[in-house]
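The values are calculated or read from the model by the stated rules, or taken from the named source; none is laboratory data. Here the structure is a predicted model, which means the values were calculated and not measured. Cβ placement follows ideal geometry from the backbone for every residue including glycine, while neighbour counts extend to all protein chains displayed. Calculation scope for accessible area: heavy atoms of the full protein, side chains included, ligands and nucleic acids excluded. Shrake-Rupley method; radii C 1.70, N 1.55, O 1.52, S 1.80 Å.
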Amino acid sequence: MSTLKSDKASSGRPVVVKKYANRRLYNTATSSYVTLDDLARMIKNGGDFAAYDAKTGEDITRSVLTQIIVEQEQKGQNLLPISFLRQLISLYGDSMQFLVPGYLEQAMLAFAQNQEQMRRNLQATFGIFPFGQFEEMGKQNMALFERAVRMLAPYGREEKPPAPDTVAPRANDEDPRLKRLEAQIDALTQQLKALGRDRSGL
């Protein structure tokens, strides 16, 4: 397969990748066929892409990204604990699932910022990066993610249909469970940031 020559289109927008019926992926920026490994390398190098079905024009970026993760996991580069995957699957179809994408996105952004800050501090202090400490911090942050998912799951299961004589809450009334959940999410985000600050002092 051809190597990627450009991770971004000339306009600075994500590279457009088309997927054909034969499942081959075509990079329109380089006019060449690419593999999932090529796309994974693009992302690791700071690039970005958007994938579309060549026939229907449907945006299949999420599907292709998921395939990349599955392929990486199959190669033994396991980032997602089994317990986390089970908890995540249990939230599909749950009444609280709408909160999960936003939370995971914000938590991962905080995670990345903490990791990068720790990397710079340790490299400046020691000249090398102690991978053992980095791995331990990663495990602690993933544990926070898992705890957040466990926290989200019970709320949907505790919901019960209102009794016939119960008056439905008004649209502007805030669900106290949602308020508690938001507070817990904020607390976890602060824990992630604090963890990064603590580690930077090493």
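Which strands (runs of 3 or more DSSP E) does segment 13-73 wholly contain that include 3 or more residues that are open to solvent by 40 Å² or more (accessible area, probe 1.4 Å)?
15-19
Residues of segment 16-34 that are at pLDDT 95 or above and of a type in the set (A, V, I, L, M, F, W, C): Val16, Val17, Leu25, Val34.
Taking residues in segment 89-114 that are of a type outside the set (A, V, I, L, M, F, W, C), and partners anywhere that are open to solvent by 50 Å² or more (accessible area, probe 1.4 Å), the pairs with Cβ atoms closer than 6 Å and at least 6 places apart or on different chains are Ser95/Glu159. With respect to the conditions (1) surrounded by 14 or more Cβ atoms within 10 Å (Cβ to Cβ); (2) over 27 Å from Glu116 (Cβ atoms), Ile82 lacks only one, and its number is (1).
Restricting Ala124, Ala112 to those that are of a type in the set (A, V, I, L, M), at pLDDT below 80, exposed (fewer than 13 other Cβ atoms within 10 Å of the Cβ) and closer than 29 Å to Leu25 by Cβ reduces the list to Ala112.
Could we say that Ala148 is modelled with pLDDT under 85, on the phi < 0 side of the Ramachandran plot, in contact with a helix residue (DSSP H, G or I) (Cβ under 9 Å, 6 or more places away or on another chain) and surrounded by 13 or more Cβ atoms within 10 Å (Cβ to Cβ) here? Answer is yes for this residue. Close Cβ contacts (under 6 Å, 6 or more residues apart or on different chains) running from residues in segment 28-56 that are within 17 Å of Gln67 (Cα to Cα) and of a type in the set (Gly, Ala, Ser) to residues that are in a helix (DSSP H, G or I) and open to solvent by less than 40 Å² (accessible area, probe 1.4 Å) comprise Ala40/Ile68; Ala50/Thr61; Ala51/Thr61; Ala51/Val64. Scanning segment 53-70 for residues that are under 16 Å from Asn27 (Cβ atoms) and of a type in the set (S, T, N, Q) yields Thr61, Gln67.
When segment 74-109 is filtered for residues that are outside any helix (DSSP H, G or I), closer than 17 Å to Ala183 by Cα and among the aliphatic types (A, V, I, L, M), only Met96 remains.
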